[in-house]
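The values are calculated or read from the model by the stated rules, or taken from the named source; none is laboratory data. Since this is a predicted model, take the numbers as computed values, not measurements. As a convention, Cβ positions derive from the backbone with ideal geometry for all residues, glycine included, and neighbour counts pool all protein chains shown.
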Amino acid sequence: MTPLLTVGLPVYNSADYLAECVESIKRQTLTEFVVLAVLDQPTDHSAELMRRHADSRFQIIENDKNIGLAATCNRMLQMCETDLLARMDADDVMHPERLAKQYAFMQGHPEIDVLGTYFDIMDETGAIKADPHPFCTTPDELREEFRIYVALHHPTLVYRVARLLELGGYPDSRVSEDSILWLKALAHNYKFANLPEVLLSYRVHRAQAMNRLREPSFLALEKAYATYGKQIWGDRAPDYICGATRLERLKRRMKRNITRLISR
């Protein structure tokens with residue numbers, strides 16, 4: 001089998017949900033893929049579960065030490081042997097046609113560098129808790145939408161590996177590494193798109209790193225907007241304050257949310 005694309009699956013302490021994630025990958029209607037499952041030194045029994053549920057399409061790699069998500073994603077980029085890589089998180093669930101639909105779109109739209117999808121939100125039990133947010137879908141719309149918030153959802157993405165390597169891959173950051181990368185990509189005129197279909201269920205649970213690192217993530221993202229905003233939007237760049245107090249950042253986020261509601 002010649003794989004059409006690669007699924008990049010970082011794994012760290014995901015034992016509660018990993019089996020369901022892996023089985024959703026195996027149920028894809030597009031079957032010509034390989035999975036780079038990179039174990040980032042988990043301390044639970046994720047490694048055992050990974051080996052138990054993987055089939056012959058899975059390449060299980062172990063990091064020598066815990067290096068974090070950004071460095072693990074960069075390792076996957078370097079190891080990837082297909083033109084396209086589909087990101088996946090070990091606590092989420094792919095819908096069966098996800099890879100087939102994203103692969104077909106990328107084949108038909110060579111100008112698109114990064115492609116996301118809509119997603120619904122589920123809780124720890126797998127119950128759907130929120131309707132999908134209607135992201136914009138076209139490159140011009142997404143470029144504009146990024147002025148208000150990051151309009152790509154990392155575990156839904158398929159991207160062209162060579163293009164991300166041209167940017168140097170993911171930044172050396174423990175927070176907001178994907179969002180920083182997309183802003184950098186926009187500054188270099190990369191083109192994004194979203195499929196207006198729910199092709200992934202995103203799990204929200206208490207153990208997620210984003211819940212533990214929310215404030216540092218906001219600060220890192222605001223610094224990225226300050227760094228790349230002028231390059232992307234010129235005088236229309238959002239007026240972010242970096243290094244401001246928590247109260248000032250809260251006021252700014254409230255202002256952005258109000259702007260987002262008015263613009264709908």
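Taking strands (runs of 3 or more DSSP E) that fall entirely within region 1-70, which contain at least 1 residues that are acidic (D, E)?
58-62
Filter region 174-190 for residues that are polar (S, T, N, Q) and closer than 16 Å to G68 by Cα; which is surrounded by the most Cβ atoms within 10 Å (Cβ to Cβ)?
Among residues in region 174-190 that are polar (S, T, N, Q) and closer than 16 Å to G68 by Cα, the one surrounded by the most Cβ atoms within 10 Å (Cβ to Cβ) is S176.
If the Cβ limit is 8 Å and pairs must be 6+ apart or interchain, which residue in region 17-30 that is touching a residue at least 40 places away in the same chain (Cβ under 8 Å) pairs with which residue that is among the hydroxyl-bearing types (S, T, Y) and surrounded by 16 or more Cβ atoms within 10 Å (Cβ to Cβ)?
L18/S46; C21/S14; L30/Y103
Which residues, counting only those in region 164-188, are of a type in the set (K, R) and assigned to a helix (DSSP H, G or I)?
Scanning region 164-188 gives a single hit, K184.
In region 138-159, what residues are over 22 Å from L219 (Cβ atoms) and buried (at least 19 other Cβ atoms within 10 Å of the Cβ)?
Those that are over 22 Å from L219 (Cβ atoms) and buried (at least 19 other Cβ atoms within 10 Å of the Cβ): P139, L142, P155, T156, L157, V158, Y159.
Within region 110-137, how many residues turn out to be within 25 Å of D239 (Cβ to Cβ) and either of a type in the set (A, V, I, L, M) or buried (at least 18 other Cβ atoms within 10 Å of the Cβ) (or both)?
Total meeting the criteria: 1.
Could you identify the single residue in R236, R163 that is within 28 Å of H109 (Cα to Cα), of a type in the set (K, R) and surrounded by fewer than 18 Cβ atoms within 10 Å (Cβ to Cβ)?
R163
(1) under 24 Å from Y12 (Cα atoms); (2) modelled with pLDDT of 70 or more; (3) not aromatic (F, W, Y): which one isn't true of M210, the others all being true?
(2)
Please name all residue pairs, on different chains or six or more residues apart, with Cβ atoms under 7 Å, provided the first residue is in region 155-169 and is over 15 Å from R75 (Cα atoms) and the second residue is among the basic types (K, R).
Sorted first by the residue in region 155-169, then by its partner, the pairs are P155/R87; L157/R87.
Could you pull out the residue among Q107, Q102 that is within 20 Å of V161 (Cα to Cα) and surrounded by fewer than 18 Cβ atoms within 10 Å (Cβ to Cβ)?
Result of the check over Q107, Q102: Q107.
Would you be able to say whether some residue in region 160-168 is under 21 Å from A86 (Cβ atoms) and among the basic types (K, R)?
yes
Given the conditions (1) more than 25 Å from L36 (Cβ to Cβ); (2) charged (D, E, K, R); (3) assigned to a loop (DSSP other than H, G, I, E, B), and given that D89 satisfies all but one, which numbered condition is not satisfied?
Condition not satisfied by D89: (1).
Would you confirm whether any residue within region 226-236 is closer than 30 Å to K129 by Cβ and either touching a Lys or Arg at 6+ places or on another chain (Cβ under 9 Å) or modelled with pLDDT under 75 (or both)?
no
Report every pair of residues separated by at least 6 positions or lying on different chains whose Cβ atoms are under 6 Å apart, first residue within region 57-75 and closer than 19 Å to D91 by Cα, second surrounded by 15 or more Cβ atoms within 10 Å (Cβ to Cβ) and among the hydroxyl-bearing types (S, T, Y).
Final answer for the pair search is A70/Y170; A70/S173; C73/Y170.
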